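As structure tokens, the structure follows; a few thoughts come after it.
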Amino acid sequence: MAKLISPIIFVICLCTVGAYIELEVPRHGFDTELYQNVLDEELCEAQLSYLLNNNTLLTAEFLDAGIRLPRGILQGNFVDLGYYHQCLAISENFEPSDIEGKYCMINIPMVQDELNLPVLPEWQEEGSRWSMEGPKLPLLELFSITKPHSDMFRNLQNVRTEAEKYSRMTGPDMDLMRVSEDSSLADGVFKLAVCLPKVCSPKQFIDTVFINTTSVGFKLTEEFCRLRNDKPFAPVDYAAMGVFGFIILITVLSTLYDIYFTMICKEGSKKANTLGKSFSLYTNTRRLLTFNSGPGTLESLDGIRSISMMWVIIGHTYATNGRSHYFNPQEMFRWMFSFSAIWIVASPISVDTFFLLSGLLIVYTTVGKISPKGLFKKLHLFYLHRLLRMFPILATGVFLQASLFNHLSDGPEWRIVVDKVERCRTYWWATLTYVQNYITDKRCIGPSWYLAVDMQLHILSPLILFWVLGTRRSAWIALTVVMLVVMVVSTTYNYLNKFQTASFVPTRSQEDSTHYLRYYYHNTLTRCSPFFVGMFFGYLLNMFKNKEVHMARWFVALCWSCAVVVSAGIIYSSYPVLQMDWDSLFWDGIINSFARPGWAVCVGWMIFACTHGYGGPVNWFLSLRMWKLPSRLSYAMYIFHYSIMVIVNSTSVSASHFSVERLFYRFLADFVSVFIIAFIATVLIDSPFSTLIKLAIGGSELFFIILVEPGPGFRLGPQGPGPTNLTMVLRWRKGPPKIPMALFINALQA
């Protein structure tokens, strides 16, 4: 049985990755040929004639689900999503082909050339409504406007918004549609939903029903169209159902096997084979919820990790919802640029906390356990353990994003999900080989750039560990030199490239933002300084492990004061750069070069102080047991949270009202949802594969205890082989194991 462990892992990994191999697997999430195949100009003309002359109710259903004036135009909203589900549900018998709904989004530029408009008749007031005498345009009477609304439009003397002018398109004075090229709205575009018969194109539909765009010179473009059943199942979808179905099957069998020996067999679970119960829900859940601490445990890390993960999620909640449509986008931007939004706009600094923890734990868990020569002798195992531990959850996230996530739901903005599906089907290899931070335009899982940078730093870390594992003098020299070199090189690089200090700065162009994200935010060189600060504090903590540290009160107070002031200043620095008068390349370079390592120093001091009894209430709060479970789930939460947010946001069928309170409530919903999903993924995927990996390489000649969890989740302590808690106790041997593998596995079971 033991000989099957490695082949089992290999087969499962092969099944996971095999679905992505570039055979004849379709890359598109939508059936793009379907949209072209259904178009038929003659049939469209016949169906539109039937709608205009014979079926007023069905015509009203198309119009009700489609094009209309956006709400919130005076607040800057120029988008209307129509009624997506009603449109696609339309189906009416018609010979020779049924009339079925198609949902399209069109773009209408606010700058229109000179329009060759017909002379429209005068509107006469009759009672409380407006009527038109003279010839009628097609369906124009369906858009009659009540007198109060007309008075409102006439009284807007100083507001020349595009949406207001678009409303005039359905009444007289259509010439007001034009916006001058020097207007602040010149680059604006209306994004309007159109519901039309599936055999028609948006242009043919508008030409027939509203106005001939060609003859009058009216510009519009088609952005996309959607039809029912336009998301066909691809081979990767069937592969995903097969792989995850198999995992569920062996989970059920393993759980029954474990329950039999644990609850039915009188001799308990000692006779149960470790491999047989590796997928047991009972054992894996119990292990996940068991918390033990021992000497050398850095208890404060649980709270730091959990709070940082919450900060990441709430930042992405506001960011992903900010890409949605609001009735009042002006209020959203005013708030985002205000001082009260600092806790959101400064959230990207939380990622540097994870870089700090990664570097800290690599040093803290290796110093004193292996020699420099032994490190390089077994370097392949150092990398192997890291790669294997990161692979299961990461591959699961990529696999789901490339397959089943496309069929979870639907909505007018679902193309955003499909874009990520297509990226995963094409660029899955970049994520699984940890180079996706240099392929920023094609990332499969958005936040996975962090894993790439962290893995690249992990690969480079032995160059520093070789000296750190030697004498104390060589360790401090190596840590100091590498920190100085990194700071000098990154600072020079930052100033030469003139980077902005955030992903969005009002005074900088879109090209500057793209340049910043690609060459700074996702760049290993510019993000590595917190990692090396972490190595510094990891060595410092190792030096004083299980020892009392005596510091003067004034020194402790000074360090805490400096940490609070510096961290607060770093958070505050996100405010002035978002103001319209910000223009300082010098301070841009200072913030980009020193804010992140400065933040890491502040967090590193907090960990050191809490570990050695100088944390006070801070240590009490960060060491609470309530942080332990979120800490263990943090890696899975990091992998899945962004994809889940995008899926939920893409199902929205209309714009919403922006408010801070509403989005905070949305964060709570996001956090709970992701927490549950991460718990399930940990129990079903991470914990079983952790056991299999340890059984497969448990007898190898590794030399130290690896306590670093991949991604933003880290766990330090003697809790045992927890699901997201890689604690491999692998013994140093001068030669290969002398005992049979079967006896070794029996020893593990005992």
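The values are calculated or read from the model by the stated rules, or taken from the named source; none is laboratory data. This structure is a prediction, so every number in the text was calculated from the model and none was measured. So basically every Cβ, Gly included, is an ideal-geometry build from the backbone, and we count neighbours across all protein chains shown.
General observations
- Checked against the criterion of being of a type in the set (Lys, Arg) and over 23 Å from residue 457 (Cβ atoms), the range 508-517 contains one or more residues that satisfy it.
- Test: residue 562 is more than 27 Å from the chain's Cα centre (by Cα) and buried (at least 22 other Cβ atoms within 10 Å of the Cβ): no
- With respect to the conditions (1) of a type outside the set (S, T, N, Q); (2) in a helix (DSSP H, G or I); (3) under 17 Å from residue 606 (Cβ atoms), residue 549 falls short on a single one, namely (2).
- The criterion of being aliphatic (A, V, I, L, M) and without any contact (Cβ under 8 Å) to a residue 12 or more places away in the chain holds for residue 319.
- Residue check, residue 627 in a helix (DSSP H, G or I) and out of contact with any Cys (no Cβ under 8 Å at 6 or more places or on another chain): yes
- Candidates 539, 520, 493, filtered to the one that is in a helix (DSSP H, G or I), without any contact (Cβ under 8 Å) to a residue 60 or more places away in the chain and crowded, with 16+ Cβ neighbours inside 10 Å: 493
- Considering residues of the range 446-474 that are β-branched (Val, Ile, Thr) and surrounded by 18 or more Cβ atoms within 10 Å (Cβ to Cβ) only, the residue farthest from residue 374 (Cα to Cα): 453
- Among the residues making up the range 89-104, those that are out of contact with any helix residue (DSSP H, G or I) (no Cβ under 9 Å at 6 or more places or on another chain) and farther than 16 Å from residue 40 by Cα are 91, 93.
- Some residue of the range 425-433 being under 19 Å from residue 239 (Cβ atoms) and free of Cβ contacts under 8 Å to residues at least 40 places away in the same chain: yes
- For the range 217-262, taking the residues that are of a type in the set (Lys, Arg) and under 30 Å from the mean Cα position of the chain (by Cα), the one that is surrounded by the fewest Cβ atoms within 10 Å (Cβ to Cβ) is identified as 228.
- Residue among 108, 67, 8, 99 that is at pLDDT 90 or above and more than 30 Å from the chain's Cα centre (by Cα): 99
- First in the range 254-270 and modelled with pLDDT under 85, second anywhere and aliphatic (A, V, I, L, M) and surrounded by 10 or more Cβ atoms within 10 Å (Cβ to Cβ), Cβ under 7 Å, 6 or more apart: 261/272
- Residue among 305, 287 that alone is of a type outside the set (A, V, I, L, M), in a helix (DSSP H, G or I) and more than 30 Å from residue 457 (Cα to Cα): 287
- Filter result for residue 642 (touching a helix residue (DSSP H, G or I) at 6+ places or on another chain (Cβ under 6 Å), surrounded by fewer than 22 Cβ atoms within 10 Å (Cβ to Cβ) and in the same structural domain as residue 545 (by TED's automatic domain parsing)): no
- Among the candidates 375, 361, 387, the residue that is buried (at least 21 other Cβ atoms within 10 Å of the Cβ), in a helix (DSSP H, G or I), of a type outside the set (S, T, N, Q) and assigned by TED's automatic domain parsing to the domain that holds residue 464 is uniquely 361.
- Selection status of residue 556, more than 24 Å from residue 470 (Cβ to Cβ) and touching a residue at least 40 places away in the same chain (Cβ under 8 Å): yes
- Checked against the criterion of being in the same structural domain as residue 414 (by TED's automatic domain parsing) and touching a His at 6+ places or on another chain (Cβ under 8 Å), the candidates 349, 313 yield just one match: 313.
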